Amino acid sequence: MQIDRPIAIALILFIILLLAFFLVVPEYRLFRGLQVDLAEKTAEFNAEHDYYSEINKTYFDLQNHQDDIKKIDDALPQDPNLGRLIYFFQKTASENGMMIKDLFLSKSSSANPANNASTASNVKDIAFSIDLIGDYSSLGNFIIALEKSARLFEVTNISFGSSGLSQAQALPSTQQFQIQQTYTFNLQIKAHSY
């Protein structure tokens, strides 16, 4: 039995096509799928590499700005540390010629400047009521010292009255004495912390 040459060629081509369809095409599809997976993994790796590189760069930038970060931490500490605040008020008052008569912790609350629940702030306000005795210039110096301190203070209210005390100061000029009146002052001061 002899097979015609054109039929043999057609039969061989058909077998080659069947083999290609059942053996080569599935492997090619698998190869294309693996190429797509590789491209996705490569893109994911590059994105993570860029992300961690940015974190590393930010970390070193923060390390270079440690002094600035320390100033911010001093201005807004994480704990209110009431003992330090009271000591600071006493020391600053005495340095500026004032005397603290009474010091009260008025309230401690959470501050929310925008009054919007979606932008709630973690900053807490601690309000103090301080009764001071001194003169007007000493009060001005005390308030300036509060403004210049590293800690953030907000003087919300000042009230004053006469204490009836007076001090005589000797002057080298023609006037022998100048009487300096002392007053009682009540300051409402807010301190901020996290």
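Rule-based calculations on the coordinates, nothing more; no lab input. Note that the structure is a prediction, hence the values are computed from the model and not measured.
Brief remarks follow.
- Global geometry of segment 8-86, whether rounded, prolate or oblate, following the gyration tensor of its Cα atoms and the 1.5 cut on a/c: prolate
- Reach of Lys57 by Cα under 16 Å, taken over aspartates and glutamates that are not fewer than 8 positions away in the same chain: Glu48
- Interchain or long-range residues, amide H under 5 Å from Phe160's placed H: Asn186
- Evaluating 6.51 cos²θ - 1.76 cosθ + 1.60 at θ = phi - 60° for every residue in segment 141-156, the Karplus couplings come out as 5, 5, 5, 5, 5, 5, 5, 7, 5, 5, 7, 7, 10, 10, 7, 9 Hz, glycine and proline recorded as x.
- Pairs from the table (Lys91/Lys124; Lys71/Lys101; Lys70/Lys148) lying more than 21 angstrom apart at Cα are Lys91/Lys124; Lys71/Lys101.
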